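The values are calculated or read from the model by the stated rules, or taken from the named source; none is laboratory data. Model, not experiment: these values are computed from the prediction. Glycine also receives a Cβ, built like all others from the backbone with ideal geometry; neighbour counts cover every protein chain displayed. These area figures cover heavy atoms from the full protein model, side chains too; ligands, DNA and RNA do not enter into them. Shrake-Rupley method; radii C 1.70, N 1.55, O 1.52, S 1.80 Å.
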Protein chains: 4
Amino acid sequence: MTTTAVLLIDCPDRKGLVAAIANFLVREYDANVLNADQHQDAALGLFFMRVEFQSDAPHCDGPGFHAAFAPLAVQLNLNWSITFAAREQKVAIFVSHYLHCLADLLHRHQTGELPCTLALIVSNHESARPLAEFYGIPFQFTPVTPVTKEAVEQQHLDLLADNEIDLIVLARYMQILSPRFVEAHPLRIINVHHSFLPAFTGAKPYHAAFARGVKLIGATSHYVTAELDEGPIIEQDVTRVSQSDQLPDLIQKGRDLERLVLSRAVRWHLAHRILSYANKTVIFS
Amino acid sequence: MTTTAVLLIDCPDRKGLVAAIANFLVREYDANVLNADQHQDAALGLFFMRVEFQSDAPHCDGPGFHAAFAPLAVQLNLNWSITFAAREQKVAIFVSHYLHCLADLLHRHQTGELPCTLALIVSNHESARPLAEFYGIPFQFTPVTPVTKEAVEQQHLDLLADNEIDLIVLARYMQILSPRFVEAHPLRIINVHHSFLPAFTGAKPYHAAFARGVKLIGATSHYVTAELDEGPIIEQDVTRVSQSDQLPDLIQKGRDLERLVLSRAVRWHLAHRILSYANKTVIFS
Amino acid sequence: MTTTAVLLIDCPDRKGLVAAIANFLVREYDANVLNADQHQDAALGLFFMRVEFQSDAPHCDGPGFHAAFAPLAVQLNLNWSITFAAREQKVAIFVSHYLHCLADLLHRHQTGELPCTLALIVSNHESARPLAEFYGIPFQFTPVTPVTKEAVEQQHLDLLADNEIDLIVLARYMQILSPRFVEAHPLRIINVHHSFLPAFTGAKPYHAAFARGVKLIGATSHYVTAELDEGPIIEQDVTRVSQSDQLPDLIQKGRDLERLVLSRAVRWHLAHRILSYANKTVIFS
Amino acid sequence: MTTTAVLLIDCPDRKGLVAAIANFLVREYDANVLNADQHQDAALGLFFMRVEFQSDAPHCDGPGFHAAFAPLAVQLNLNWSITFAAREQKVAIFVSHYLHCLADLLHRHQTGELPCTLALIVSNHESARPLAEFYGIPFQFTPVTPVTKEAVEQQHLDLLADNEIDLIVLARYMQILSPRFVEAHPLRIINVHHSFLPAFTGAKPYHAAFARGVKLIGATSHYVTAELDEGPIIEQDVTRVSQSDQLPDLIQKGRDLERLVLSRAVRWHLAHRILSYANKTVIFS
């Protein structure tokens, strides 16, 4: 049986890394490299690599690979992870009352653009329920008040654990996550912010952009970290605006950007094409 | 003789403005409207208009127009200006040691893209002299030290006055202008900032963009006001960057953006296509 | 009661047009001009105007306006049309088995981006039915075979007539319309073609783009005329591709472009912001 | 002494290529890989690789490398080339009377963006001479008439040979090159075409774009092959136009695109970042 896997590596740069890793894959698994990308950060002396490979070797699975690769990884001081394609990731989408990103993700998932299991849609509003039901995704209505906030968060953590969620997508989810929640999911929460970060952080970025009179508006998808709007940027895009565009026009044009940057981020994450370091991302094409 | 003129108007919005102004031009000058653009700011209740027209009427000149139009302008509470095409504007370019915007503006001027008289190039470095001489533009070397700063500024003011300069273009001029200097030239100084404002104000924006890990870098041309990097934005553009782009790549890509946004701003200003209000700009196409 | 209307005009250019039309609106209807845009084609000597205005006059309705405006229109040789906002346009969407544009239009309609009545979804496949039902739009399944083609077209014409359809949107409808059908709906059928026209006309444009090795792919929305892919272009957009993008990637990226250019075209058409002449379009902002 | 080199490879895809090549570089030269990029064309079964590496080994030079690498290359069926950074490429620019691309390339070269020796500027007009002289580049005026065309071409071939030219850049050179000339310089002539190829091939593309009413105009840089405008595309870019843009505006906006796509193509070629196959290009970032 042929196995496909993605190996992600980051480590201090040194001579012979590519050769050592390529040799390992050939020697141990008679691997057929489908894609290999490297990136060096010269200033920080770091090396990044993504290898997508195929193998017919019988022991090319999680336990086998970990046992075989560990000595080399120790010797070369590698941070690494491997994912076998057989295992489909499980995704939860959190959403509030703006549904355009959710509707977009659901349709893309149905079309096959987002290869994953959509295990859960969580919302503090009921308005997303019909879409969830139409696409057949379990829906959890968890209203939030200042009083219930902590309890709801615990409920969310339980839901995520029970469903073995790999990735949380905040599709215009308007509640602020607690540090505890964020730290429990490092590089596992993707948010869309409706501005060209770092411009217009915080609330009401389209209002701020309109007031400043910018000639382009943007949207940004990023991993969520403890500091609001400060996590590693995954993707950004912009579109032109003019004096003809009043605030509702900015919001409408911005929705298109939000859909694009969020769906790209999710697709790349699912394909293990993102590495993060120094609060930045490397996107392997 | 046929005269071409541009009439710019801003005023509180009210009924009948277009009709009143169009009627005046027809009745008084038998005008042929070449272009007419309006813009309303509904939130602020303001009206903006640009009319480019031709007339064969003998009294269609500065004094004649002012005398004829003043009563209507008072009645309708108009801010307005008129420019007759016969008069070519005089421009001064200020530059330091990065010459890419200067070289670009000089070539565009030679090609006919920037219809104006380039009356003066001012620099605190000698490096721009050869380009100035090649294109036959008077060059003023005015080195600046903390001690001479004030005297040099007076020298600049004298140069601008002596040359009857209409527009000052800061083509990567690395000296901060004094409030006195700026206030003496309201909406008459155009600067290029090498970031997508309001992101990365201040010094070394490419370094800041690199550190933040943005996926697009930008440049902004704007009118200079007393607050640094806070004046009305005229034009912005962006280009995509990736992990392959190290800091020198950002700087190199950014130069292309700077050339584009600065030259567009200058061209639009020279064509009287920019109106500014509420720290924004209206760009008439 | 306040009435809002859009007046569209095209005519041979001549002096005094703006004044004459503005005067009429003020004199006859005490109109408040919300937006006015003009465009001249100097080469062809043509004048185009769009005026959006409000009036409290009681006779500001279809019959009243026609009676009042006709003499001026004859005198100035105007082609013109007027639309009163009260009347909502009726739209039919034709679709085959690719549903991304349909899903996008339905969601935008629900969000309020496309102010119209979606009266009908017509398809030669059953696959669009669930989406149509979810959004509550009548669905007509009209399978086409070479034998039934003519009869089906008659069925379509009847459906359009019975539903008083104003605009037909071809959202990746893969059947070629007959000249009779097209000529019955001049400037009333909008199609999306999945290339940057006039590059890659005809079938399988993504395959052709991939084979040619272009660095950007595009999509185009246009009015349908008798000549395939040759109608007036309404909107185009492009996105970058690289050697990493194989044919399925082009198709996936292209879907995003198709959604954008088609939905913009529909929105502009519904707002009476498009004028067409000389097989081109003028888009009023 | 440290040597930097770029190794470019294309070959039938097979297992173990990356490992074999990486091993060779480590074993033979104790190489430090600065950048490594691979690309596979799954449909055609081809593999492409670019490796930029440093070595302190004394025999890391042209003859040494050829002797050492040849056996592996034969065994793996590789097409390959190696370039040592020490050797600066020699470039000739051909230009007619539009000088914007030339002026741009000259300024970029002076700035250090184009690391090469500009050995020669060739023109059928005298108008480029002042720019050539200002930047200190030898200028050859070779006027062309139908009668002299063949003799001039021979003169060009002699000039290119005498100057050992590596790359010919057609910076809006308006003469058609003979098949003999083109075939003598495979993948060694870069042209800029002022349209978004394959749209608007041939003469006067801006006129054609204006007539067709496109909403974006483009420019394309490509390698020149025997078939006009059909060579492998290196880079393309576009910009938005509207009804406000008359033909001269298209031409003016297009100049900016031409500058960008031509200068990027030259920079990438000089950095050995372009591989060509199947009439396409792979651009290594």
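Kindly establish whether B:Ser81 is out of contact with any helix residue (DSSP H, G or I) (no Cβ under 9 Å at 6 or more places or on another chain), more than 9 Å from chain C (Cβ to nearest Cβ) and touching a residue at least 24 places away in the same chain (Cβ under 8 Å). Give the derivation first.
Numbers: out of contact with any helix residue (DSSP H, G or I) (no Cβ under 9 Å at 6 or more places or on another chain): yes; more than 9 Å from chain C (Cβ to nearest Cβ): yes; touching a residue at least 24 places away in the same chain (Cβ under 8 Å): yes.
Spelling it out, B:Ser81 is indeed out of contact with any helix residue (DSSP H, G or I) (no Cβ under 9 Å at 6 or more places or on another chain), more than 9 Å from chain C (Cβ to nearest Cβ) and touching a residue at least 24 places away in the same chain (Cβ under 8 Å).
When you go through D:Ala171, D:Ala211, D:Ala132, D:Ala161 one by one, which is the residue that is at pLDDT 95 or above, open to solvent by 40 Å² or more (accessible area, probe 1.4 Å) and closer than 27 Å to D:Arg87 by Cβ? Among D:Ala171, D:Ala211, D:Ala132, D:Ala161, only D:Ala161 is at pLDDT 95 or above, open to solvent by 40 Å² or more (accessible area, probe 1.4 Å) and closer than 27 Å to D:Arg87 by Cβ.
The set of residues from segment A:1-18 being out of contact with any Leu (no Cβ under 7 Å at 6 or more places or on another chain), among the aliphatic types (A, V, I, L, M) and at the interface with chain D (Cβ under 8 Å from one of its Cβ atoms) comprises just one member, A:Val18. A:Leu106 meets the conditions (1) open to solvent by 10 Å² or more (accessible area, probe 1.4 Å); (2) modelled with pLDDT of 95 or more in every case but one. The failed one is (1).
Of all the criteria given as (1) of a type in the set (D, E, K, R); (2) touching a strand residue (DSSP E or B) at 6+ places or on another chain (Cβ under 8 Å); (3) modelled with pLDDT of 90 or more, the one not satisfied by D:Asp41 is (3).
Table: residues versus (1) over 25 Å from C:Glu28 (Cα atoms); (2) among the polar types (S, T, N, Q); (3) under 24 Å from the mean Cα position of the chain (by Cα).
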{"residue": "B:Ala5", "(1), (2), (3)": "yes, no, yes"}
{"residue": "B:Gly16", "(1), (2), (3)": "no, no, no"}
{"residue": "B:Ala31", "(1), (2), (3)": "no, no, no"}
{"residue": "B:Pro58", "(1), (2), (3)": "yes, no, no"}
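Here C:Asp30 clears all of (1) in contact (Cβ under 8 Å) with a residue 40 or more places away in the chain; (2) at the interface with another protein chain (Cβ under 9 Å from one of its Cβ atoms); (3) open to solvent by 10 Å² or more (accessible area, probe 1.4 Å) except the condition numbered (1). Based on what the data block shows, is D:Asn23 among the polar types (S, T, N, Q) and in contact with a strand residue (DSSP E or B) (Cβ under 9 Å, 6 or more places away or on another chain)? In short, no.
Which of the helices (runs of 4 or more DSSP H) contained wholly in segment C:85-181 include at least 1 residues that are touching a residue at least 60 places away in the same chain (Cβ under 8 Å)?
Qualifying helices (runs of 4 or more DSSP H): C:100-111, C:149-162.
For segment B:240-260, how many residues are open to solvent by less than 30 Å² (accessible area, probe 1.4 Å) and either outside any helix (DSSP H, G or I) or more than 9 Å from chain D (Cβ to nearest Cβ) (or both)?
Residues in segment B:240-260 being open to solvent by less than 30 Å² (accessible area, probe 1.4 Å) and either outside any helix (DSSP H, G or I) or more than 9 Å from chain D (Cβ to nearest Cβ) (or both): 6 in total.
Quick check on segment D:86-102. Is at least one of its residues over 18 Å from the mean Cα position of the chain (by Cα), more than 14 Å from every other protein chain (Cβ to nearest Cβ), surrounded by fewer than 18 Cβ atoms within 10 Å (Cβ to Cβ) and not polar (S, T, N, Q)? Within segment D:86-102, one or more residues are over 18 Å from the mean Cα position of the chain (by Cα), more than 14 Å from every other protein chain (Cβ to nearest Cβ), surrounded by fewer than 18 Cβ atoms within 10 Å (Cβ to Cβ) and not polar (S, T, N, Q).
For the residues C:Thr220, C:Thr225, C:Thr201, the requirement of being crowded, with 21+ Cβ neighbours inside 10 Å and within 14 Å of chain D (Cβ to nearest Cβ) singles out C:Thr220. When the residues of segment D:266-285 are filtered to those that are in a loop (DSSP other than H, G, I, E, B) and surrounded by fewer than 23 Cβ atoms within 10 Å (Cβ to Cβ), the one that is nearest to the other protein chains (Cβ to nearest Cβ) is D:Ser285.
Of all residues in segment A:185-193, none satisfies being more than 22 Å from A:Pro115 (Cα to Cα) and basic (Lys, Arg).
Test B:Leu76 against the criterion of being under 22 Å from the mean Cα position of the chain (by Cα) and surrounded by 16 or more Cβ atoms within 10 Å (Cβ to Cβ), and give yes or no. The answer is no for B:Leu76.
Do the conditions hold for B:Ser263, that is, is it under 21 Å from A:Phe200 (Cβ atoms), open to solvent by less than 30 Å² (accessible area, probe 1.4 Å), in contact (Cβ under 8 Å) with a residue 40 or more places away in the chain and among the hydroxyl-bearing types (Ser, Thr, Tyr)?
On the way: under 21 Å from A:Phe200 (Cβ atoms): no; open to solvent by less than 30 Å² (accessible area, probe 1.4 Å): yes; in contact (Cβ under 8 Å) with a residue 40 or more places away in the chain: yes; among the hydroxyl-bearing types (Ser, Thr, Tyr): yes.
Taking the combined requirement at face value, the residue does not satisfy it.
Cβ contacts < 6 Å: first residue away from chain C (no Cβ under 11 Å), restricted to segment B:36-61; second residue open to solvent by less than 10 Å² (accessible area, probe 1.4 Å) and outside any loop (DSSP other than H, G, I, E, B), any location; separation 6+ or different chain. Result? Qualifying pairs under 6 Å: B:Phe48/B:Val282; B:Ala57/B:Tyr29; B:Cys60/B:Tyr29. Taking the conditions (1) facing chain B (nearest Cβ under 10 Å); (2) among the charged types (D, E, K, R); (3) touching a His at 6+ places or on another chain (Cβ under 9 Å) in turn, A:Asp237 satisfies each one other than (3).
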